[in-house]
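Read-outs throughout are calculated quantities, based only on the coordinates presented, and are distinct from any laboratory measurement. In this text, all values refer to a predicted model and were calculated from it rather than measured experimentally. Cβ placement follows ideal geometry from the backbone for every residue including glycine, while neighbour counts extend to all protein chains displayed.
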C-alpha cells in the first residue's frame, strides 16, 4: 500500500495543503465541533471526531505550531484535532510558563509524552530550543512519537518506558491513546512495558544529578509513584507539573504533595488569571469544574521556580506570547 504524504496545516495562518475536497470538508466539521465544544470544555468532542475519522483514509496531518515546530498525528484524531481550531489553547497556563522560561537553562522531562506535543514545543526556537526527553510506554503511541522526533530534526530524545516508583515492568492498558495507564495493576490483557523511576535517568547518565528541570507528569494515575521515584531529582532546581483529574474530588495527587513532600503546590486560578499558592485543597473544588478534564498543579521545593511562577502574575508573561511571535 502506498503511504500518502501528510496533509499540512499552518496553525499561524489557517492554510491547509495537500487535502482532498472530502478531507477539507471533514476538517471544517472538526473545526466547527471544536468551536462549539469549547463552550462545554469539549465534552463529547473526542467521540464525535473519532466517528468522523472513520470516514477518512488513514493519513497523517502535520500541524505547524510555530515556524520551528511541527506536530504530526493521524488526521481526524479525536484528541488532537482541536488544534485545527486556531483559537484553541492546549494547557494555556503551561505554555505561559514555558514561554516565560525561554532564557532558563532547563531540561524538560516529558513523562507520558503521548505523541510529544510539549517536547516539540520546548525544543523549538520560539520556546528557547531546550533539551527535552519524551518518555512514553505505549507501542501504539511510540512510533508516532518517534515520527515527531524525525520531522523536527531529531532535536529531542524519545524513551519507550512508563514512569513509576522504581525500575521494573508493568502492564499498560486502556482504550484511548491519551489515557493508557499502568495504574490498573497486572491486567493480563494489557501490554507489558518497562518502567523507569525518575532518578534512574540520573543513574543511566541521561541527565546530570544537578541542574534545572521541568517534569511534566501526565501518567494517568501513577503520579504519586512517579514522585516517590524522584527523590534525588526533586532536590534539584526542579518543578513537577502534575495532572489533577477533574473526576477526583479527593484531589489525591495534590493531597499527597501537601501532606507528604517538602514541595509547595501552586495552581493557575482561571478566575483571576494568576498563579496562586495551593494551601487549601478546597480551592480545587472551585477550579476543577469539568469531571472529564485534567488540571495542572505545579509543585516545587525550588525557590527559583516558585519565584518564576509568581513573577508571571505581573502580566508580562501573557504579553510576551504576542510580542514578536504569532499567538496560538
Can you compute the radius of gyration and Dmax for the range 190-311, using only the Cα atoms, both in Å? 14.7, 44
For the chain, what does the helix formula give at 222 nm: sum of -39500 (n - 2.57) over DSSP H segments with n ≥ 4, over the residue count, nearest 500 deg cm²/dmol? -7500 deg cm²/dmol
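Using DSSP, restrict attention to beta bridges with both residues in the range 57-160 and report what percent are antiparallel, rounded to the nearest 5.
If we restrict to bridges inside the range 57-160, about 45 percent are antiparallel.
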How many percent of the alpha carbon pairs in the range 7-84 exceed a separation of 18 Å? 34
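For the peptides 234-241, 262-269, 39-46, 51-58, what is the packing order when you average, over each peptide's residues, the other Cβ atoms within 10 Å and list the highest mean first?
Details: 234-241: 22.0, 262-269: 19.4, 39-46: 15.2, 51-58: 12.8.
By packing density, highest mean first, the sequence is 234-241, 262-269, 39-46, 51-58.
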On average, how much area does the Cα convex hull of the range 269-308 cover when viewed from any direction, in nm²? 3.3
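Where does the range 89-185 land on the Kirkwood hydrodynamic radius, alpha-carbon pairs, in angstrom? Please report the intermediate quantities before stating the final value.
On the way: mean 1/r = 0.0710 Å⁻¹.
Hydrodynamic radius (Kirkwood, Cα pairs) of the range 89-185 is 14.1 Å.
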Share, in percent, of DSSP beta bridges within the chain that are antiparallel, nearest 5: 55
With N residues in the range 92-320, what two-decimal value do you get for its Cα radius of gyration over 2.2 N^0.38 Å? 0.97
